[in-house]
Structures are given as structure tokens and as C-alpha cells.
Amino acid sequence: MRRQAKTINFGIIYGMSAFRLAKDLGIPQKKGREIIERYFDRYRGVRSYMEETPKRGREQGFVKTLFNRKRFLPDLNSRNRNVRQVAERTAINTPIQGSAADIIKLAMIRIDARLEKESLPAKMIMQVHDELVFETEASGAQDMAVLVQYEMESVAALAVPLVVEVEVGTNWNEAH
């Protein structure tokens, strides 16, 4: 169900057609079209976002993340339809994915500062998408988990809460 939900959410926001959605989910095309229609009925702001973001990008020449990092998109005004559509999808994607990248980077900076300030015996060893992986002694793992969860959840004030799941294991595979 998680895979299907991700396919629907990310697919729709990035302009996936009913045909492609149905193919990816292994369902009839009519059902794919119904899912998209129900999605837009339920989440009315999504359609508005998808229409307004490229439009604003065309007017300004760029789109921004929540932290005001800009991505310039001159191809939003391209006469070539294919080039313009790629830029439109990029304009829709950038505030979402760019803001997520900003948030994880800010969390990394805050956690690293805490580790150094408090002389904690832990190291941040890897980032994979929205995951951070740390190495620490087993005796300090739970304290480290609390610190990481707090810093990641409080790094940005959003209209919805940032919810972080923390797992502990002797290796990354075990923590999953």
C-alpha cells in the first residue's frame, strides 16, 4: 500500500497520466483516471499549486524553496513544447524536493553542532534521501536517537508537523 500511495502522490504531482498511473499500479486505465479525479477532488490545493507554480515561475524567472533558495528556469518560456513541459515539471518539483533537501541539510548542521558542542561520541556517517545514519556506542544509542529525533522534528516550523521515526541497530540493515 505504501508503494501504491507513493506512486499516486508523486505521480500525480509530477503530471503522470491516467494511462501511466494505471500501468504502474497494474489497474485498468479507467480506475487510474478515477483515482486522479478523486485525488484532485479531495486535495483541491494540489491542482492550484500545479497551475500557479509554473505560472509564477514564468513571471519571476525562478521558483523558490521554503527557505528562499532560488532555481532559475528560463525554459518556462520556451517555444518548444517539450522543453517547456520539462521546465514546468521542474518548477512544480523544486519547491517540494528542494525544501526537503534544505530541511535535511539544516538538520544535519544542527545535529553536527550538538555532537561537537556536547562532545558526544557519535558520528554522522551517511545521508540517504530523508534518512541520516549515525555511528555511536551501544550505550549511547538511545540518547542519540532522542537527540536526532528532536533536532530533525524541530528544524523547521511548518503548517504540518515534521514526524521522524528513529530506529537503532548494529547496522543500517538491522535498523530498517
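The values are calculated or read from the model by the stated rules, or taken from the named source; none is laboratory data. Since this is a predicted model, take the numbers as computed values, not measurements. Methodologically, a virtual Cβ is constructed for each residue, glycine included, from the backbone with ideal geometry; neighbour enumeration extends over all protein chains shown. All accessible areas refer to the heavy atoms of the entire protein, side chains included, with ligands and DNA or RNA removed. Shrake-Rupley method; radii C 1.70, N 1.55, O 1.52, S 1.80 Å.
Which of the residues belonging to segment 87-114 are open to solvent by 60 Å² or more (accessible area, probe 1.4 Å) and polar (S, T, N, Q)?
Listed by number, the list holds a single entry, GLN97.
In this structure, is VAL160 surrounded by 11 or more Cβ atoms within 10 Å (Cβ to Cβ) and among the β-branched types (Val, Ile, Thr)? Walk me through how you get there before you give the answer.
Details: surrounded by 11 or more Cβ atoms within 10 Å (Cβ to Cβ): no; among the β-branched types (Val, Ile, Thr): yes.
Here the answer is no, as VAL160 does not meet what is asked.
Return the pairs, sorted by first residue and then second, in which the second residue is of a type in the set (Phe, Trp, Tyr), the first residue lies in segment 34-49 and is in contact (Cβ under 8 Å) with a residue 24 or more places away in the chain, the beta carbons are less than 8 Å apart, and the residues are 6+ apart or on different chains.
Every condition considered, the pairs that remain are VAL46/TYR39; VAL46/PHE40.
Return the residues of segment 26-57 that are open to solvent by 50 Å² or more (accessible area, probe 1.4 Å) and aromatic (Phe, Trp, Tyr); say none if nothing qualifies.
TYR43, TYR49
Looking at (1) within 18 Å of VAL163 (Cα to Cα); (2) open to solvent by 60 Å² or more (accessible area, probe 1.4 Å), which is the one condition that is false for ILE125?
(1)
Quick one: ARG81 ticks every box in (1) open to solvent by less than 80 Å² (accessible area, probe 1.4 Å); (2) over 25 Å from ILE8 (Cβ atoms) except a single one, so which number is it?
(1)
Out of (1) on the phi < 0 side of the Ramachandran plot; (2) over 18 Å from the mean Cα position of the chain (by Cα), what's the single condition that is false for ASP130?
Every listed condition holds for ASP130 apart from (2).
Within segment 53-63, which residues are farther than 16 Å from ILE12 by Cβ, in a helix (DSSP H, G or I) and within 20 Å of the chain's Cα centre (by Cα)? Give the derivation first.
The first filter runs over segment 53-63 and keeps only residues farther than 16 Å from ILE12 by Cβ, leaving 55-63.
Next, from what is left, pick out any that are in a helix (DSSP H, G or I): 55-60.
If the condition is that a residue be farther than 16 Å from ILE12 by Cβ, in a helix (DSSP H, G or I) and within 20 Å of the chain's Cα centre (by Cα), then GLY57 is the only one that fits.
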